[in-house]
Amino acid sequence: MTTAEKYVTAAYCVVFAVVLVYVLIMALKLQRLEREVDELAGRAPEEDEEETPREPARVG
Amino acid sequence: MSSAAATIRAVGRVSRIPLPVLAVASLVLVTTALAFVFFVAPNDANQGFSQRIFYFHVSIAITAYACFAGGAWQALRHLWKRDPRADLASYVCVHQGLIFGTLVLLTGSIWAKISWGRWWLWSEDQLVLFLVLFLFYCAYFMLRFSIDPGPQRANLSAVYALFGVVLIPVSFAAIRLAKNLIHPVVFTLHGPNFGGWILVTYCIAQIALLVLAYTLYRLELGGKRLDARLRRLREAFA
């Protein structure tokens, strides 16, 4: 491998590495958001259960 | 007027393309561009094999300019129409521009090392002006995160992003105005300074990087919007 080939390879590897790191950071962030959605979804039925049950309304 | 409306409609159509389709298109285009760079494009008569950095270096630079211009456009939309989504879109555009700007500096330095024997030349106007542009947008983040979220932060960020767009034509014109032409000029008023497979390869690389940048923009913007909605939901639950 010549010096020029090494430098060109390095340049393209840098581009690939930066884009890969960016995508990984985005993936980790989306995973965190998914966990938070799950956490909120888990809290929603609990709060429903805490509500006092209503008596059925009498009609007529 | 009708052409402006057609452009807006075209942008609207592009924004409806699903993210997975964009991701696949990016992957295919970038792979094709790499294949052309290494297996189709001929060696340059002057620089030889090292000229192959040009295809991604210039394409990334144009993409970075496009991102900053996109950020300015969204900033203008925010100031003009008070569209609440435009501030976030402007921020994401500038962030993308900074990532591609980093890549321009890195690939440019590597190319400079092969061609000129130096990683950086302070005497080169084009290099220094691009660095000024890059640092200007770095300061955008310092400004944005030094102010509490709200209308004031959105307005100041928008004004700053609009000012920054002035630096783009200055940076682009710098190599044409420079007295010592070490940095190659590839685009003149009469068109590109190359043709044949070099031009074809460059066009493919440029399209690939623009599509990649747009895909990453949509991914980040989607994440940021989801984050904002979750924050509002958490506040509602608290």
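The values are calculated or read from the model by the stated rules, or taken from the named source; none is laboratory data. Because the structure is a prediction, the values reported are computed rather than measured. Glycine also receives a Cβ, built like all others from the backbone with ideal geometry; neighbour counts cover every protein chain displayed.
Brief remarks follow.
- Restricting the stretch B:110-127 to residues that are farther than 12 Å from B:SER50 by Cα, assigned to a helix (DSSP H, G or I) and in contact with a Leu (Cβ under 9 Å, 6 or more places away or on another chain), the residue that is modelled with the highest pLDDT: B:LEU127
- Residues of the stretch B:58-67 satisfying the condition of being among the hydrophobic types (A, V, I, L, M, F, W, C) and more than 14 Å from chain A (Cβ to nearest Cβ): B:ILE62, B:ALA66
- Residue in the stretch B:40-51 that is nearest to the other protein chains (Cβ to nearest Cβ), counting only those that are within 28 Å of B:VAL132 (Cβ to Cβ) and in contact (Cβ under 8 Å) with a residue 12 or more places away in the chain: B:SER50
- The stretch B:85-128: number of residues that are touching a residue at least 60 places away in the same chain (Cβ under 8 Å) and over 18 Å from the mean Cα position of the chain (by Cα): 6
- Filter pass, B:ALA86 being touching a Leu at 6+ places or on another chain (Cβ under 9 Å), within 14 Å of another protein chain (Cβ to nearest Cβ) and at pLDDT below 95: no
- Restricting the stretch B:42-61 to residues that are surrounded by fewer than 19 Cβ atoms within 10 Å (Cβ to Cβ), of a type outside the set (Gly, Ala, Ser) and not in a strand (DSSP E or B) leaves a set whose member that is modelled with the lowest pLDDT is B:ASN46.
Matching residues to (1) out of contact with any Asp or Glu (no Cβ under 8 Å at 6 or more places or on another chain); (2) surrounded by 16 or more Cβ atoms within 10 Å (Cβ to Cβ); (3) modelled with pLDDT under 85; (4) part of a helix (DSSP H, G or I):
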{"position": "B:PHE130", "(1), (2), (3), (4)": "yes, yes, no, yes"}
{"position": "B:LEU135", "(1), (2), (3), (4)": "yes, no, no, yes"}
{"position": "B:LEU143", "(1), (2), (3), (4)": "yes, no, no, yes"}
{"position": "B:LEU162", "(1), (2), (3), (4)": "yes, yes, no, yes"}
{"position": "B:LYS179", "(1), (2), (3), (4)": "yes, no, yes, no"}
{"position": "B:TRP197", "(1), (2), (3), (4)": "yes, no, no, yes"}
{"position": "B:GLY222", "(1), (2), (3), (4)": "yes, no, no, yes"}
{"position": "B:ARG234", "(1), (2), (3), (4)": "no, no, yes, yes"}
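- Residue match in the stretch B:68-79 (condition: touching a residue at least 24 places away in the same chain (Cβ under 8 Å), within 14 Å of chain A (Cβ to nearest Cβ), crowded, with 23+ Cβ neighbours inside 10 Å and in a helix (DSSP H, G or I)): no
- Any hit, the stretch B:28-38, residues being more than 14 Å from every other protein chain (Cβ to nearest Cβ), within 24 Å of B:GLY223 (Cβ to Cβ) and assigned to a helix (DSSP H, G or I): yes
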